[in-house]
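In what follows, a structure is listed as structure tokens, so that the remarks can point back to it.
Only the coordinates and a few stated rules stand behind these numbers; no lab work does. None of the values given here were measured: they were computed from a predicted structure. Don't worry about glycine lacking a Cβ; one is built from the backbone with ideal geometry, like all the others, and counts go over all protein chains shown.
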Amino acid sequence: MTTTVKHIHALILTLAFALALATPAIAADGDDLYEDEVAEETDMSADDVTDEDLIAFYEASQKITEIREDHAGEIEGEDGVEARKEAAEAMASAVEDADLSVDEYRGIAHLFHEDEDLRDQLGKALADA
């Protein structure tokens with residue numbers, strides 16, 4: 001395996017791990033991406049997800065991870081409710097900036113968590129990008 005392919009596989013494993021950590025906060029709807037990053041279920045199928053969708057999902061998930069890390073200390077503090085609201089809004093903006101709706105992001109996250117072939121498809125899409 002080349003270094004680039006190894007790097008991509010490591011990134012995919014990191015994303016899968018991050019989504020696994022988000023699994024306890026699964027919900028089917030709502031506007032709070034901080035709490036509900038992965039849909040409980042989705043009407044989407046892996047066949048509905050294009051390589052472009054996967055790359056957008058990957059980019060948005062990286063931004064969401066950064067936002068979550070940046071706000072972690074604030075959310076535990078005295079002004080936690082407001083900080084959490086700001087983090088959720090920033091996460092929704094990151095998803096929309098990647099040309100996905102929040103529902104599409106959550107649906108892809110659900111599929112990504114459940115479907116190893118989709119994770120492989122992301123690796124190939126990132127390698128080709």
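Quick rundown of the values:
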{"quantity": "Charge context of Ala129, other residues only, Cβ under 14 angstrom, K/R +1, D/E -1", "calculated": "-4"}
{"quantity": "Rough spin-label spacing in nm, given labels placed 7 Å along Cα→Cβ, for Asp43 and Asp99", "calculated": "2.3 nm"}
